Amino acid sequence: MFRAIVVSRPSDSAAHADLVDATDDALGEGDVEIDVEYSSINYKDGIALTGAPGVIKAQSLIAGIDLVGTVSSVSEPVEGSPTTGSPTVKVGDRVIVNGHGIGENHPGGLSERARVNSDWLVPLPAGISASQAAAIGTAGFTAMLSVLAIEKQLSPADGGEVLVTGASGGVGSIAIALLSKLGYRVTASTGRAAEHDYLRSLGASDVVDRATLSEPGKPLQTQRWAAAVDSVGSHTLANVLAQTNYGGIVATCGLAQGADLPATVMPFILRAVTLTGINSVYCPRPLRLEAWGRLARDLDLGLLDSLTTSIALDEAIGVAGRIMRGDVRGRTVVRVQ
Ligand code: NDP
């Protein structure tokens, strides 16, 4: 028996999350077992743990889209599984798993134990603690993927402002810390007046009220942003595109305002703006390893610690409700053991 947060969706009532004593058969398939030390609460975990539809694709599943822990056993790859296995994984390795459907269609990381495919594992980078890797988690990994996409088109030496929306959240906070450390001039967009000092402490040079971006706007507006990381979607993303400089780039990674995109083609055909999509879940392994390598190199761990709150496993369901209300700042690490 081990403790895990399981989301159940009975056919006759709404889905609910409970901290339970689970058994081996809740772990699913995989060739590697992990003693999980830390997980985290992302927006997606908020959706899953509050019983809202769209994330958990099973009637009953262990939640948690992130885990960090130690390999406790390694077996042959499961027959018929797409995994190729990894002969280099061994008992005692400290590893990270983000995405690959854990906490969505495969049992997840809010659990003292996990069973996954070995080719999903990322070695814990030197210099980053297990707790810090969980603090980075899917949100920080997604922020890094967004920065890598922007870097292909814009260097800090090119100048110009980079806008980060959803700034006080997990993706936004880590995106600000990364971009500012790399030398970009960052503007943060937030709905929380009380967090302006926090956002400046992460490296934002300027802060704008998200209300200036969240209502319907004109297809083309005054050019302001050389690039943007948008975790908000909807009218905010449409306005960001309309305000992006000629030749600028916008990385879209989230939908905190909405999944719609009420925009026109004008920024693309008249200003050569690029809109690039970011997906962390099925990110190919070479890019995954590159992003974690860059996080180890470029993320200020002091700033990471300053934006991280740590909670126990039995507090995770409560924090899920708060993240859905936009009431959580930065990142929340879950101590699983
Ligand atoms: P958080 O809840 O930590 O951050 C979201 C932030 O968005 C909030 O802190 C808030 O920032 C802002 N926000 C919330 N509601 C609204 C609203 N109605 N209108 C405008 N802004 C709003 O979530 P995460 O950082 O974990 O995730 C952010 C988004 O990115 C989510 O949609 C998530 O699903 C997505 N995501 C996508 C991934 C991918 O692979 N593409 C991976 C990870 C996350 P403030 O208070 O500062 O305004």
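The values are calculated or read from the model by the stated rules, or taken from the named source; none is laboratory data. None of these values were measured; they are calculated from a predicted model. Neighbour counts are summed over all protein chains in view; Cβ atoms, including those assigned to glycine, are modelled from backbone coordinates with ideal geometry.
Looking for something of a type in the set (D, E, K, R), modelled with pLDDT of 95 or more and not assigned by TED's automatic domain parsing to the domain that holds Gly254 - is there at least one such residue anywhere in the stretch 70-89? First the steps, then the outcome.
Going through the stretch 70-89, the residues of a type in the set (D, E, K, R) turn out to be 76, 79.
Subset that is modelled with pLDDT of 95 or more: none.
Among the residues of the stretch 70-89, not one is of a type in the set (D, E, K, R), modelled with pLDDT of 95 or more and not assigned by TED's automatic domain parsing to the domain that holds Gly254, which makes the answer no.
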Only one of these conditions is not met by Ile128: (1) within 16 Å of the ligand (Cβ to nearest atom); (2) outside any helix (DSSP H, G or I). Which number is it? (1)
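Condition first: aliphatic (A, V, I, L, M) and more than 24 Å from Tyr43 (Cβ to Cβ). Now tell me which residues in the stretch 150-192 satisfy that.
Going residue by residue through the stretch 150-192, those that are aliphatic (A, V, I, L, M) are 150, 154, 157, 162-164, 167, 171, 174-179, 182, 186, 188.
Hits for the stretch 150-192 are Leu154, Ala157, Leu182.
This table checks each residue for (1) within 13 Å of the ligand (Cβ to nearest atom); (2) modelled with pLDDT of 95 or more; (3) under 18 Å from Leu255 (Cβ atoms).
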site	(1), (2), (3)
Gly183	no, yes, no
Leu199	yes, yes, no
Leu202	yes, yes, no
Ser205	no, yes, no
Pro219	no, yes, no
Val229	yes, yes, yes
Gly233	yes, yes, yes
Modelled with pLDDT under 95 and more than 20 Å from the chain's Cα centre (by Cα), is that true of Gly54? no
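If we keep just the residues of the stretch 1-33 that are outside any loop (DSSP other than H, G, I, E, B) and touching a Gly at 6+ places or on another chain (Cβ under 8 Å), which is farthest from Arg115 (Cα to Cα)? Give the steps one after another, and end with the answer.
Pass one, the stretch 1-33, residues outside any loop (DSSP other than H, G, I, E, B): 2-8, 16-22, 24-26, 32-33.
Imposing the further condition that a residue be touching a Gly at 6+ places or on another chain (Cβ under 8 Å) reduces the set to 5, 7, 16-17.
Working: Ile5: 15, Val7: 17, His16: 23, Ala17: 20 Å.
The qualifying residue farthest from Arg115 (Cα to Cα) is His16.
Inside the stretch 246-330, counting only helices (runs of 4 or more DSSP H) that do not spill past its ends, which hold 1 or more residues that are within 16 Å of the ligand (Cβ to nearest atom) and touching a residue at least 24 places away in the same chain (Cβ under 8 Å)? Step through it out loud before you land on a result.
Working: elements: 266-271, 285-298, 301-306, 316-324.
The qualifying helices (runs of 4 or more DSSP H) are 285-298, 301-306, 316-324.
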Every residue in the stretch 152-172 that is within 16 Å of the ligand (Cβ to nearest atom), out of contact with any helix residue (DSSP H, G or I) (no Cβ under 6 Å at 6 or more places or on another chain) and in a helix (DSSP H, G or I), please. Gly172
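Identify all residues within the stretch 97-147 that are of a type in the set (S, T, N, Q) and buried (at least 21 other Cβ atoms within 10 Å of the Cβ); write none if there are none. Walk me through how you get there before you give the answer.
Taking the stretch 97-147 first, the residues of a type in the set (S, T, N, Q) are 98, 105, 111, 117-118, 129, 131-132, 138, 142, 146.
Of everything in the stretch 97-147, those that are of a type in the set (S, T, N, Q) and buried (at least 21 other Cβ atoms within 10 Å of the Cβ) turn out to be Asn98, Ser111, Asn117, Ser118, Gln132, Thr138, Thr142, Ser146.
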